[in-house]
Amino acid sequence: QVQLVESGGGLVQAGDSLRLSCETSGLTFSSVTMGWFRQAPGKDREFVAALFRGTRTYYADSVKGRFTISGGNVKNTVNLQMDTLKPEDTAVYYCGSSRGVLSSIRNPNMYGHWGQGTQVTVSS
């Protein structure tokens, strides 16, 4: 059974950093895509970053150069290091797992499992 548990959210000021973690069980990184998405109130769930089959990384243009996704061997965790945060990064952040192909990694509908989400709030 696949389980995903996010942690690390919080309230920070613009320019600060946060590190989100997603502890996983029941899956193998080399077989799936691990993705981070975010959802602000009244908006659709939005792609942030993905780790494809434990090797290649992909980012939304809005976070490229500021966010870094990595897969940790400890406790099968996937992390999202978020630097130079902006107020527009405020959202609930979710990690998800997908067995889809590379072309689908930005589509939240292709992710079969999700964590409960963690709130990130960036004040100006």
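The values are calculated or read from the model by the stated rules, or taken from the named source; none is laboratory data. Every value quoted in this text rests on a predicted model; they were computed, and no experiment measured them. Neighbour counts are summed over all protein chains in view; Cβ atoms, including those assigned to glycine, are modelled from backbone coordinates with ideal geometry. Just so you know, the surface numbers come from the protein's heavy atoms only, side chains and all, with ligands and any DNA or RNA stripped out. Shrake-Rupley method; radii C 1.70, N 1.55, O 1.52, S 1.80 Å.
Nearest 5 percent is fine: what portion of the DSSP beta bridges confined to the chain is antiparallel?
Bridges in the chain that DSSP calls antiparallel: roughly 90 percent.
Could you tell me the accessible area of Asp61 in Å² (1.4 Å probe, neighbours in place), rounded to the nearest ten?
130 Å²
Under 12 Å from the Cβ of Gln119, count the other residues' Cβ atoms, weight Lys and Arg +1, Asp and Glu -1, and hand me the total.
-1
Once you have the Cα-Cα distance between Gln3 and Arg56, take 0.36 nm times their residue separation minus that, and quote the gain in nm to one decimal.
Result for the pair: 16.9 nm of gain on full extension.
Using Cα pairs under 8 angstrom and six or more residues apart, how large is the relative contact order of the chain, in percent?
The value is 35 percent.
Can you check what the net charge comes to around Arg19, using other residues whose Cβ is under 12 Å from the Cβ of Arg19 (Lys, Arg +1; Asp, Glu -1)?
-3
Give the share of C-alpha pairs in each 5 angstrom bin for the chain, from 0 to the last occupied bin, in whole percents, shortest bins first.
2, 12, 24, 27, 20, 10, 4, 1, 0
Give me the one-decimal Kirkwood hydrodynamic radius in Å for the range 1-72, with the sum taken over alpha-carbon pairs.
One decimal place: 13.5 Å for the Kirkwood radius.
May I ask for the Kirkwood hydrodynamic radius of the range 85-124, worked out over all distinct Cα pairs and given in angstroms to one decimal?
11.6 Å
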